[in-house]
Amino acid sequence: MRELVEVIAKALVDHPEEVTVTEKQEERALILELHVASDDMGKVIGKQGRIAKAIRSVVKAAANKSEQKVIVDIVD
């Protein structure tokens, strides 16, 4: 899952070298924290959060096979 979020984010931003994704395993969910450059924050979130919602939807669909809840947080 981490690689999926990383590939998607790197394709969207101007500074792909600053994209990092960290994983945190919670009791019932896997939390993926996406860190991007502050200049690229708007490109990852998109107008009215549409791109962020699309990223979360793709990750949720990919995680459906493993039957694990995955949460994507976009962190500045």
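Helix 2-12 versus the longest principal axis of the chain: what is the Cα-based angle in degrees, 0 to 90, to the nearest 10?
That works out to roughly 20 degrees.
I'd like the trypsin sites (Lys or Arg not before Pro) in segment 28-72 restricted to DSSP loop residues with at most 16 other Cβ atoms within 10 Å, sorted by number.
Values: sites: Arg28, Lys43, Lys47, Arg50, Lys53, Arg56, Lys60, Lys65, Lys69; in loops: Arg28, Lys65.
Counting only loop positions with at most 16 other Cβ atoms within 10 Å, the trypsin sites (Lys or Arg not before Pro) in segment 28-72 are Arg28, Lys65.
Measure nothing but the geometry: give the 0 to 90° angle between the long axis through the Cα atoms of 50-63 and the longest principal axis through the Cα atoms of the chain, rounded to 10°.
Around 30 degrees separate the two axes.
Can you tell me the dipole magnitude for segment 2-75 around its Cα centre, using point charges on the Cβ only (Lys, Arg +1; Asp, Glu -1), in Debye to the nearest 20?
520 debye
222 nm [θ] for the chain, helices only, -39500 (n - 2.57) per DSSP H run of 4+, per residue, to 500?
Values: 3 runs with 30 residues, N = 76.
Computed ellipticity for the chain at 222 nm equals -11500 deg cm²/dmol.
Every number here is computed from the coordinates shown, using simple stated rules; none is lab data. Since the model is a prediction, treat every value here as computed from it, not as a measurement. Using ideal geometry, Cβ is built from the backbone for each residue, glycine included, and neighbour counts are taken over all protein chains shown.
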